[in-house]
Amino acid sequence: MKIIITENQLKKVILSEGEQDWEKKVKEFKKSVSEIAKKVDNIGLGSPIATFLTRIAATESCYGLNKTNGKNNVFQIDDIAFDDTQDIKSHPGLKEKFKIIKDKTGINWSGETYTNIRSDKFKNGIAARLLLGNKPGKIPTDLDGQAKYWKKYYNTGSGKGGEQDFIDKNEGDGLEHCIYYGKKEIEKNKKKDG
């Protein structure tokens with residue numbers, strides 16, 4: 001006799017209830033970040049890069065589930081990167097972008113603070129977009145090209161992640177790595193509670 005089960009049925013057998021809940025949470029967070037990335041694209045600060053922004057969030061924070069650098073800092077903008085989004089002397093094109101942001105969103109970017117953008121996912125996304133807009137070259141559309149661009153201009157040489165890290169965290173539907181991260185968090189919490 002042959003028994004055929006679907007992938008979802010197999011997951012219910014393999015994954016604990018906590019892991020199934022985590023998987024749902026990963027999907028919800030990815031959807032939310034994807035919507036934020038599209039909203040940032042709609043401001044019109046440059047060519048559309050919503051997919052790249054979503055992939056950055058997957059790599060940097062598991063769509064915001066890893067809160068080690070701030071609860072809503074899904075794009076992991078640090079203070080140096082934020083300062084770059086405000087530096088109109090080095091990046092004179094920012095003045096026009098600030099005007100666009102103000103016109104489209106009502107946000108006065110030059111008045112924003114690092115604390116503000118770390119506590120607001122949309123503003124965090126705008127900061128990521130502005131930061132990328134300050135970098136040279138066209139952002140690639142393929143995963144390998146984006147991995148190289150991310151490492152060179154976003155994560156930089158001082159960052160922990162490498163190109164392969166970016167690729168691994170975004171292959172397929174971009175969920176597996178964050179589900180695995182969740183399993184480790186569940187196990188860590190069980191050890192603390194046990």
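A few points about this structure:
- Against the numbered list (1) within 22 Å of the chain's Cα centre (by Cα); (2) over 30 Å from Tyr181 (Cα atoms), Glu96 comes up short only at (1).
- Failed item, numbered, when Gly64 is tested on (1) at pLDDT 95 or above; (2) open to solvent by less than 30 Å² (accessible area, probe 1.4 Å); (3) touching a Phe, Trp or Tyr at 6+ places or on another chain (Cβ under 7 Å): (1)
- Of all residues in segment 61-86, those that are more than 21 Å from Lys31 (Cα to Cα) have Cβ atoms under 6 Å from Cβ atoms of residues that are assigned to a loop (DSSP other than H, G, I, E, B) and open to solvent by 10 Å² or more (accessible area, probe 1.4 Å), 6 or more apart or on another chain, in Asp84/Asn134.
- Answer residue from segment 67-91, given it is charged (D, E, K, R) and more than 21 Å from Asp165 (Cβ to Cβ) and is surrounded by the fewest Cβ atoms within 10 Å (Cβ to Cβ) among those: Lys89
- Any hit, segment 112-121, residues being at pLDDT 95 or above, open to solvent by 70 Å² or more (accessible area, probe 1.4 Å) and not β-branched (Val, Ile, Thr): no
- Test: residue in segment 165-174 that is part of a helix (DSSP H, G or I) and among the basic types (Lys, Arg): yes
- Pairs where the first residue, in segment 89-106, is over 13 Å from Val40 (Cα atoms) and touching a residue at least 40 places away in the same chain (Cβ under 8 Å) and the second is of a type in the set (A, V, I, L, M, F, W, C) and open to solvent by 50 Å² or more (accessible area, probe 1.4 Å), C-beta under 7 Å, 6+ apart: Leu94/Ile88
- Answer residue from segment 51-79, given it is among the charged types (D, E, K, R) and farther than 13 Å from Glu35 by Cα and is farthest from the chain's Cα centre (by Cα) among those: Asp79
- Filter pass, Leu132 being modelled with pLDDT under 95, open to solvent by less than 40 Å² (accessible area, probe 1.4 Å), under 23 Å from Lys39 (Cα atoms) and among the hydrophobic types (A, V, I, L, M, F, W, C): no
- Residue in segment 38-51 that is least open to solvent (accessible area, probe 1.4 Å), counting only those that are of a type in the set (S, T, N, Q) and part of a helix (DSSP H, G or I): Thr51
- If you filter segment 140-168 down to residues that are in contact with a Gly (Cβ under 9 Å, 6 or more places away or on another chain) and open to solvent by less than 30 Å² (accessible area, probe 1.4 Å), you find that the one that is modelled with the lowest pLDDT is Asn155.
- Where a residue in segment 136-165 is more than 21 Å from Leu45 (Cα to Cα) and its partner, wherever it lies, is among the hydroxyl-bearing types (Ser, Thr, Tyr) and open to solvent by less than 80 Å² (accessible area, probe 1.4 Å), with Cβ under 7 Å and at least six apart: Gly161/Thr59; Asp165/Thr59
- Test: residue in segment 14-37 that is open to solvent by 100 Å² or more (accessible area, probe 1.4 Å), at pLDDT below 95 and among the polar types (S, T, N, Q): no
The values are calculated or read from the model by the stated rules, or taken from the named source; none is laboratory data. The structure displayed is predicted, hence computed values, not measured ones. When we count neighbours, we look across all protein chains shown, and the Cβ atoms used for this are built from the backbone with ideal geometry, even at glycine. Heads up: the accessible areas ignore ligands, DNA and RNA and are worked out on the full protein's heavy atoms, side chains in. Shrake-Rupley method; radii C 1.70, N 1.55, O 1.52, S 1.80 Å.
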